[in-house]
1. For segment 409-438, which residues satisfy the criterion of being under 28 Å from the mean Cα position of the chain (by Cα), of a type outside the set (Phe, Trp, Tyr) and assigned to a strand (DSSP E or B)?
2. Restricting to helices (runs of 4 or more DSSP H) lying wholly in segment 1-113: which have 1 or more residues that are hydroxyl-bearing (Ser, Thr, Tyr) and out of contact with any helix residue (DSSP H, G or I) (no Cβ under 6 Å at 6 or more places or on another chain)?
3. Only one of Leu135, Leu127 is assigned by TED's automatic domain parsing to the domain that holds Asn45 and crowded, with 20+ Cβ neighbours inside 10 Å; which?
4. Pro333 fails exactly one of the following numbered conditions: (1) surrounded by fewer than 20 Cβ atoms within 10 Å (Cβ to Cβ); (2) within 18 Å of Ala447 (Cα to Cα). What is the number of that condition?
5. Pick out the one residue from Glu21, Glu35, Glu60, Glu64 that is among the acidic types (Asp, Glu), farther than 17 Å from Glu116 by Cα and either in contact (Cβ under 8 Å) with a residue 40 or more places away in the chain or crowded, with 19+ Cβ neighbours inside 10 Å (or both).
6. Can you name the condition, by its number, that Phe326 falls short on among (1) free of Cβ contacts under 8 Å to residues at least 60 places away in the same chain; (2) in a loop (DSSP other than H, G, I, E, B); (3) buried (at least 16 other Cβ atoms within 10 Å of the Cβ)?
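The values are calculated or read from the model by the stated rules, or taken from the named source; none is laboratory data. Because the structure is a prediction, the values reported are computed rather than measured. Ideal geometry is used to build each Cβ from the backbone, glycine not excepted, and the neighbour counts take in all protein chains shown.
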Amino acid sequence: QSSREIHKTLQAIENAGGKAEYIQADITNPADLREKLSSLVQGINGLLHGAGALADKFIEDKQEADFDLVYGVKVTGLRNLLGIVPAQQLDYLILFSSVAGFYGNAGQADYSIGNEVLNKLAHHMKLSHPSCQVLSIGWGPWDGGMVTPQLKKILIRRNIPLISLAEGTQALLGLMNVHQDSPQHVIGNPLPFPDKKVKPDLRQYRISRKLSLVRNPFLADHVIGGNAVLPTVCAVAWFINSCASLNPGYLFYSISDYRVFKGIVFDDHSPEEYLLELQELEKSAYAIILNGKISSVLPDGNIRFHYQAQVELRKRLPERPLISSFDLSTESPIEGSTLYNSKILFHGPRFQGIRRVLNISETGLTTECLLPNFPTEEMGQFPVNTFNPYLADTHLQSLLIWANSQLGSIGLPLQIAGGIQYHPVPFDIPTYATMTVKSSTPHKLVADVTSHDRDGYVFSQVIDAEITLNEKLFGLFQENQLESDPIWI
């Protein structure tokens, strides 16, 4: 059948007054390609690169050979063509990219990467060879070619429109025959992501991790009693990021029953390796709930537990709600710099996100926050993914401020009953933390903290955050510098 189609195409070109030669070569093999094209190179003034291969699988199921095939045909193939046909002799360079490269598509990580490389190369070629008409066209699926009858049925079931051969041809000619300021064009809609079938068995994971001070420069700004201490929000991020990375396509939604048993302090006695144990409790196509614990092994062989939490991931997050009530009035505001300079808050610059305490009373307070972004390299092993631990810490500092103001004490985190995130909290924009006291004694404070924007739309809610209070911490908070600067790696 393919031979008949080739003959039919060649005949149609001749009937239209043209001349065509059909050459079969491996586009990923430069020697084979050069041998087949050597007699024709001088007469070539246009390239239309439409080669492609598919090996659709979810990324965790892909093999290296799958990537080499799919990426190689697109990128290595074009590189080989341009290594044989000089770019300076081209009047046209037409690259058939795909909407998968622009929007992404489930199961096509390698195909998406390959097509996006074509898009970037088109921009480079347009700048370096302005006299050449360069186009990279992100096509949706055509009704033909790589779209087999079987694949066509699947696309129709997913309500994905197909580009007819006539429509595609006219669109291509329309782009080729008019000067284009931009080489990149998209003709097609985003491809809907199919729901991945969830395996019913509940799985367990054991993930070892080496943690050290020198790999995490941000820890220089979280020092108590002369030693760097892992922020409790980083332990939360540890749970969240691990759960999310094991379940691509799901988003962090909530954390519950978070407890600190023994915080991680980076001193001469701290272990290098820690163990995260995760157990799936429930899972469906819409949500996954996992229980986790972080532990280490003491020199005597006993296990020390550091943190525990339950994490819920969801396919889709609910819309951001409006906070029920909030107060942005400024009654005797306190500058954030005053709190940091006096070391009521021991935090260094990367955690100094409180600009002002707008108001404070017996029932709570409101802080205005803005934390500048800082280089990912300084975040070390705790980069911001779907959860921003650095801004979460800034908002939770409201408990320390209230405890100092109303109780004359200071504290450290002990547990969080629950927390919900509707939208990641961004760097570099003003946010507000509304803290409401639930209960307090001389030894502990329990409060809710809602982070929101100026209009009251909620980013996240922390429910029943508890800190343990101890006046002796005032002295330790004063010692908020490392004794010597580590060599960061």
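1. Pass one, segment 409-438, residues under 28 Å from the mean Cα position of the chain (by Cα): 413, 415-434.
If we keep only those that are of a type outside the set (Phe, Trp, Tyr) as well, we get 413, 415-421, 423-426, 428-431, 433-434.
Pro413, Gln415, Ile416, Ala417, Gly418, Gly419, Ile420, Gln421, Thr431, Ala433, Thr434, listed by residue number.
2. Values: elements: 2-15, 30-37, 64-71, 77-84, 99-103.
Here the list reads 2-15, 99-103.
3. Leu135
4. With (1) surrounded by fewer than 20 Cβ atoms within 10 Å (Cβ to Cβ); (2) within 18 Å of Ala447 (Cα to Cα) applied to Pro333, the lone miss is (2).
5. On the way: Glu21 fails: either in contact (Cβ under 8 Å) with a residue 40 or more places away in the chain or crowded, with 19+ Cβ neighbours inside 10 Å (or both); Glu35 fails: either in contact (Cβ under 8 Å) with a residue 40 or more places away in the chain or crowded, with 19+ Cβ neighbours inside 10 Å (or both); Glu64 fails: either in contact (Cβ under 8 Å) with a residue 40 or more places away in the chain or crowded, with 19+ Cβ neighbours inside 10 Å (or both).
Result: Glu60 is the single residue among Glu21, Glu35, Glu60, Glu64 that is among the acidic types (Asp, Glu), farther than 17 Å from Glu116 by Cα and either in contact (Cβ under 8 Å) with a residue 40 or more places away in the chain or crowded, with 19+ Cβ neighbours inside 10 Å (or both).
6. Here Phe326 clears every test but (1).
For every residue, the table says whether it meets (1) in contact (Cβ under 8 Å) with a residue 40 or more places away in the chain; (2) out of contact with any helix residue (DSSP H, G or I) (no Cβ under 7 Å at 6 or more places or on another chain).
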site: Val186; (1), (2): yes, no
site: Lys199; (1), (2): no, yes
site: Gln204; (1), (2): yes, yes
site: Thr232; (1), (2): yes, yes
site: Leu246; (1), (2): yes, yes
site: Val260; (1), (2): yes, no
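Residue-by-condition table, conditions (1) assigned by TED's automatic domain parsing to the domain that holds Ser131; (2) touching a Leu at 6+ places or on another chain (Cβ under 6 Å); (3) under 30 Å from Val147 (Cβ atoms); (4) β-branched (Val, Ile, Thr):
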site: Leu165; (1), (2), (3), (4): yes, no, yes, no
site: Val178; (1), (2), (3), (4): yes, no, yes, yes
site: Val198; (1), (2), (3), (4): no, no, yes, yes
site: Val236; (1), (2), (3), (4): no, no, no, yes
site: Ile240; (1), (2), (3), (4): no, no, no, yes
site: Ser245; (1), (2), (3), (4): no, no, no, no
